[in-house]
Amino acid sequence: MSIPIVNHSLKYNPSLDGLRGIAIALVLLFHIWPEYFSFGYVGVDIFFVLSGFLITQIIHTKLQANSFSFKAFYRNRIRRIFPAMIIVLLTTFLIGYLFLFPSELEQLGKHIKSSAFFYQNFRLIGETGYWDKAAQLKPLLHFWSLSIEEQFYLFWPLIIFMLYKLRVDLFLAILILFSSLLILPQFLNIDPFYHSLSRFWELSFGGLIYATSIKFSISKTIGKWQWSIFPLFILSIALAYGNNIFSIAKTLFLVVSTGLLILYISVKKEHKTLSLFPLVFLGLISFPLYLWHYVFISYMHIFGLRVQHYGIVIILVSLLISYLTYRYVEFYARRQSSYTFAALLFVMVLFVGLLGQYTYKHHGFPHRSHLVSNEGFQKQFIRTPATNKTGIALVTKVLKHKPNNNYIKATSDDLSKNFIAIIGDSHAHTSYPGFAQEFKKRGYETVLLANSSCPPYIEGAMGKNLKDLEQCKKKIDDIYRFIKTLPHLKKVILVTRGPEYMYDMGYGVVDDGGKPLNYHFKGFFINKTTYNQKEKFFKVLKKTFSFFKQKKNIEFYYLLEDPELGFQPKNCVERPFRVFPTQCKLKYEDYLQRAGEYRRKVYAIKKKYPAITILDPKDLYCDNAYCYAVKYGKMLYADDDHHSVDGSIMQAEYLMDKIIYDF
């Protein structure tokens, strides 16, 4: 069996495509089965090094042959990248137009624009982390890496051109560039994963590997150490197992081992392992495969289908469509040498980007004729702003400095008024609208002061590392300083997603249930062998109860977790054409399996603190058979575990008699 090979600027080396095949296989497996192939995301880093090597080799070789031109270089990049990208972006838009809700299509429009114009990585900064559960609901998330590569190609050819014309030592110059690009981001306050300056060093290292290959006679040295190169490469991949944060040290190790492997297979061309047909085949279709596979996976997540169950189908469909794209689109396009053809592709990409902007500006086309009217439910999926000016003004008055907490709101900044404080994590934020509305009716002002993934338990700072933990501690300290200082503070309600911190684990497929979140208390970083997350959680909960027991002038309430659904409530809503399943309830026994131990422990601790009130909304959401996402015709959830505004109001009304009993 054979597959046609497109024209290359250099002599073809199938082993390099074999390495591409390994990289795309890693990425594909990671996106489908992240719990088993958590190391697979490093496939992108392999692509970066390989791209840097090849692009430097192409430019430098053509310069030596006096045949390099910037015009031809960018024509070739357009022929290589644009055809498949245009088809994938338009298909993604078409699926979205047919099946997405307006708010989803509106966001997709933004992402189509930033993907077509190659700044998707910057778009994602601040939107979502790569490992966040929300990331899987973005069909064009994976365009972040393509954006970085194309940005790199804007300045790298000029650098290589200038170095060559100035007769500067290529190896030494790229070594300095690589070192600078590696070190600089460590001193900049930029996103370590998505930002281009956090990644350019990986591509430049590929260039350094090429410069090494032409400066030094390394054939004998490589031959002597060849037995260790493959094990080193495999080890560097394995070290990424279980990662859910970007590690510069592990990435550097992987990049270096990948570079050594590229050096080996470019010198030892007779090597056969990486030129096996399955790997070469994957390598040849790797670009369209990278573009297509995640679109399918993300849409399946959006439509409530369990990706893991359909993994083999996803792989087969992705392989088929990617092969067809390679064979009948990419193969054809790369044989066209016409600049007119490249210009036409450029105009088409401009059109696609403007289509995305038009979709965004028109709010996802809410009046599409085939949409089922779900306007009331749709509004509930939009989270309210994290802060308001009144809240920031109030907290700043009390603390004498601008607060750093993630969620800050208030209904008044008048210090003479009676206040009720809502403190906690993001669940405090989504509980606030209902409480604020109901307390206002009863003569109280409300203030929200809460943190993202940093619940304000006494001595309960948490984080994925010591730096995160220290930042969390400062936020918690500000909350308790505020509580001690605010005059006329009558009541405090603590709202957190308790089971998540107790188990260090989300819930359900949509939340990577069964996979550690790696938010830990300080003891974890001191001695991991004796650390017990559950034990520490209840210890800080007791200390928090004890603290408020001493505050005789403040009534304290602890709000138990609303049931975590384990699925996206958007799946409760009928999508156009009714081709996807709806799911609106959770078995009561499943809820108790998740939250039962937490509830029992909290109630047991409460017995020692009779003045503290437990607010339990369980019966609002659940009967003896199910817990419901929709009740009385209202959507109670904004996502799989946070309240919607309607849910917040309904919960506040349900609990009000237990909080305001003198009204």
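Looking at the stretch 506-550, which of the residues that are under 23 Å from ALA604 (Cβ atoms), buried (at least 18 other Cβ atoms within 10 Å of the Cβ) and within 27 Å of the chain's Cα centre (by Cα) is modelled with the lowest pLDDT?
TYR507
Here's a check for you: in the stretch 438-460, which residue that is open to solvent by less than 10 Å² (accessible area, probe 1.4 Å) and assigned to a loop (DSSP other than H, G, I, E, B) is nearest to GLN533 (Cα to Cα)?
The residue in question is GLY460.
If you go through the stretch 64-82, how many residues are over 39 Å from the mean Cα position of the chain (by Cα) and under 23 Å from TRP201 (Cα atoms)?
0
How many residues does the stretch 584-596 hold that are touching a residue at least 12 places away in the same chain (Cβ under 8 Å) and either of a type in the set (Asp, Glu) or surrounded by fewer than 16 Cβ atoms within 10 Å (Cβ to Cβ) (or both)?
Adding up the residues that qualify gives 2.
Could you tell me whether the stretch 318-328 includes any residue that is closer than 18 Å to GLU104 by Cα and under 25 Å from the mean Cα position of the chain (by Cα)?
no
What are the pairs with Cβ atoms under 9 angstrom where one residue, in the stretch 334-349, is over 9 Å from ILE78 (Cα atoms) and the other, located anywhere, is open to solvent by 50 Å² or more (accessible area, probe 1.4 Å) and among the charged types (D, E, K, R)? Sequence gap at least six, or different chains.
Pairs found: TYR339/LYS71.
Quick check: anything in the stretch 270-278 surrounded by fewer than 21 Cβ atoms within 10 Å (Cβ to Cβ) and of a type in the set (A, V, I, L, M)?
yes
State all residues of the stretch 615-642 that are open to solvent by less than 30 Å² (accessible area, probe 1.4 Å), part of a strand (DSSP E or B) and either of a type in the set (Ser, Thr, Tyr) or over 15 Å from LYS585 (Cα atoms) (or both); if no residue qualifies, say none.
LEU615, TYR637
Is it the case, given these coordinates, that GLY463 is open to solvent by less than 40 Å² (accessible area, probe 1.4 Å), farther than 24 Å from ILE659 by Cβ and out of contact with any strand residue (DSSP E or B) (no Cβ under 9 Å at 6 or more places or on another chain)?
So GLY463 fails the test.
So which residues in the stretch 626-663 are modelled with pLDDT under 95, aliphatic (A, V, I, L, M) and closer than 21 Å to GLY566 by Cβ, if there are any at all?
Within the stretch 626-663, ALA629, VAL630, MET635, LEU636, ALA638 qualify.
Is there a residue being open to solvent by less than 50 Å² (accessible area, probe 1.4 Å), farther than 26 Å from ASP640 by Cβ and at pLDDT below 95 anywhere in the stretch 409-432?
No.
Sort out which residues of the stretch 315-331 are free of Cβ contacts under 8 Å to residues at least 24 places away in the same chain and either of a type in the set (Phe, Trp, Tyr) or open to solvent by less than 50 Å² (accessible area, probe 1.4 Å) (or both), and write them in order of number.
TYR328
Across the stretch 551-581, what is the total count of residues that are open to solvent by 80 Å² or more (accessible area, probe 1.4 Å) and either modelled with pLDDT under 90 or within 30 Å of the chain's Cα centre (by Cα) (or both)?
Going through the stretch 551-581 one residue at a time, the tally reaches 4.
Can you name the residue in the stretch 290-314 that is small (Gly, Ala, Ser) and farther than 19 Å from ILE87 by Cα and, of all such residues, is least open to solvent (accessible area, probe 1.4 Å)?
Checked the stretch 290-314; the qualifying residue least open to solvent (accessible area, probe 1.4 Å) is GLY311.
The values are calculated or read from the model by the stated rules, or taken from the named source; none is laboratory data. Computed from a predicted structure; not experimentally measured. Cβ sites come from the backbone with ideal geometry, for glycine too, and all protein chains shown count toward neighbours. For accessibility, only protein heavy atoms count, side chains too; no ligands or nucleic acids. Shrake-Rupley method; radii C 1.70, N 1.55, O 1.52, S 1.80 Å.
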